[in-house]
């Protein structure tokens, strides 16, 4: 039998002791170095100040494994964890992190969700969906908060932030993640440099398993997502419902609808401005920008019988021009040459795909299958129209030539798939998926945002969140194809 050197045995014992630490530190049961940390971390509790000073090293908390110092307690069910957080010293790396965390285990590659404040002020909700998977994040729109709160309610975890002397507010960052059994809840520090240790102070720490139960308030978060990393950023968060973002032609601004009106907001974040749509003051979420970026198509139901009709107007605002006298008609696509609109229309009790010249005229019916056909969008080369159809039982993504011929099913799975949006290079589509038992595309459902590479039909998940109606109804790729935009929702007491 091979003998284990005594120093290796002692090293293993020390690590096990650290992982099983039972020395109570204020509100917490123990502490541990997670992952590869060449220098041992530490944690001190100041009873008089009710603060924790945590020091940790570690190369990163990202990709498939983490390295940091963690101070934890085990909690089951709904919970909130809040603290004032402040780094000590200038720091070696701007990406050093002070965190509030909910973690499945003490393994380096464990599933987790955390609220991470970086050394440069970036604040984000980071998460690893399953053990060993890559880490992703939802970046908050504000930086360097004075106080942070992580809230777990059911299968959703949300991030609340507060500036100095202000109340905590929902940041718009949320993730759907179900943990098994009790979880590790605590605070921690990662230096983002394995040869350096960094320190942060966590004050006024609160852990609660009794969450507020007041009247729920709906919040909408307008987000963008980088397609090369799938990391998300909150552009705007507001109480109430906003829907269906499009990018404007220069790629620096987004539009969305709220309460029948359209608004413009910088993609980097800012204050929304109303767009003058003349008499069209009951616009729904079927709107979009022309290929040249100079006009808007809107679907409005403010006139006459209050059924939705399609109009066009200047992108800067102005008087709408009627395109579809027949109603209801819901805009979804603009041909690459700018001459034709594609829409979903109800005629004789059937919803089908139609096209019509942009200046009005005769509409052309492209689908005749029984059941709902919806969400038509042109491919960038103008040769095809993608749409969704329920003709085979579940709602699936289809494609046809622009004259309606050669209708081919693109997806075939156990989801209801809606609203295909084609990338500017024509190589992939993004769409929203509802669970099998969901009828239509209702609001406030657990949904999955997915991307398909058209060449090999490979599908990957971009996000899981509360959404549905209003999330991604209309074209939402940035002009350069690097980002998409969508809306997520949460209810907070």
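The values are calculated or read from the model by the stated rules, or taken from the named source; none is laboratory data. Since the model is a prediction, treat every value here as computed from it, not as a measurement. So basically every Cβ, Gly included, is an ideal-geometry build from the backbone, and we count neighbours across all protein chains shown.
A count restricted to the range 264-285 and to residues that are within 26 Å of the chain's Cα centre (by Cα), more than 26 Å from residue 226 (Cβ to Cβ) and surrounded by 15 or more Cβ atoms within 10 Å (Cβ to Cβ) stands at 3. For the range 195-227, filtering for residues that are over 20 Å from residue 126 (Cα atoms) and either modelled with pLDDT under 95 or assigned to a loop (DSSP other than H, G, I, E, B) (or both) leaves 11. Here residue 274 meets the list (1) in a strand (DSSP E or B); (2) in contact (Cβ under 8 Å) with a residue 24 or more places away in the chain; (3) more than 20 Å from residue 430 (Cβ to Cβ) almost entirely, failing just condition (2). Of all residues in the range 46-62, exactly one satisfies the criterion of being in a loop (DSSP other than H, G, I, E, B) and in contact with a strand residue (DSSP E or B) (Cβ under 6 Å, 6 or more places away or on another chain), namely 58.
Rundown of residues vs (1) under 21 Å from the mean Cα position of the chain (by Cα); (2) without any contact (Cβ under 8 Å) to a residue 60 or more places away in the chain; (3) part of a strand (DSSP E or B); (4) not assigned by TED's automatic domain parsing to the domain that holds residue 224, yes/no style:
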{"residue": "87", "(1), (2), (3), (4)": "no, no, yes, yes"}
{"residue": "130", "(1), (2), (3), (4)": "yes, yes, no, yes"}
{"residue": "137", "(1), (2), (3), (4)": "yes, no, yes, yes"}
{"residue": "142", "(1), (2), (3), (4)": "yes, yes, no, yes"}
{"residue": "148", "(1), (2), (3), (4)": "yes, no, yes, yes"}
{"residue": "164", "(1), (2), (3), (4)": "no, yes, no, yes"}
{"residue": "178", "(1), (2), (3), (4)": "yes, yes, no, yes"}
{"residue": "181", "(1), (2), (3), (4)": "no, no, no, yes"}
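Looking at the structure I just gave you, is residue 69 part of a strand (DSSP E or B) and either over 20 Å from the mean Cα position of the chain (by Cα) or crowded, with 24+ Cβ neighbours inside 10 Å (or both)? Yes: the conditions hold for residue 69.
For the range 327-373, what are the residues that are under 23 Å from residue 257 (Cα atoms), in a loop (DSSP other than H, G, I, E, B) and without any contact (Cβ under 8 Å) to a residue 40 or more places away in the chain? Those that are under 23 Å from residue 257 (Cα atoms), in a loop (DSSP other than H, G, I, E, B) and without any contact (Cβ under 8 Å) to a residue 40 or more places away in the chain: 327, 328. On the stretch given as the range 158-186, residues that are crowded, with 22+ Cβ neighbours inside 10 Å and more than 18 Å from residue 137 (Cα to Cα) total 4.
Quick one: is residue 102 modelled with pLDDT of 95 or more, farther than 19 Å from residue 133 by Cβ, assigned by TED's automatic domain parsing to the domain that holds residue 50 and in a strand (DSSP E or B)? Give the derivation first.
Numbers: modelled with pLDDT of 95 or more: yes; farther than 19 Å from residue 133 by Cβ: no; assigned by TED's automatic domain parsing to the domain that holds residue 50: yes; in a strand (DSSP E or B): yes.
It is false that residue 102 is modelled with pLDDT of 95 or more, farther than 19 Å from residue 133 by Cβ, assigned by TED's automatic domain parsing to the domain that holds residue 50 and in a strand (DSSP E or B).
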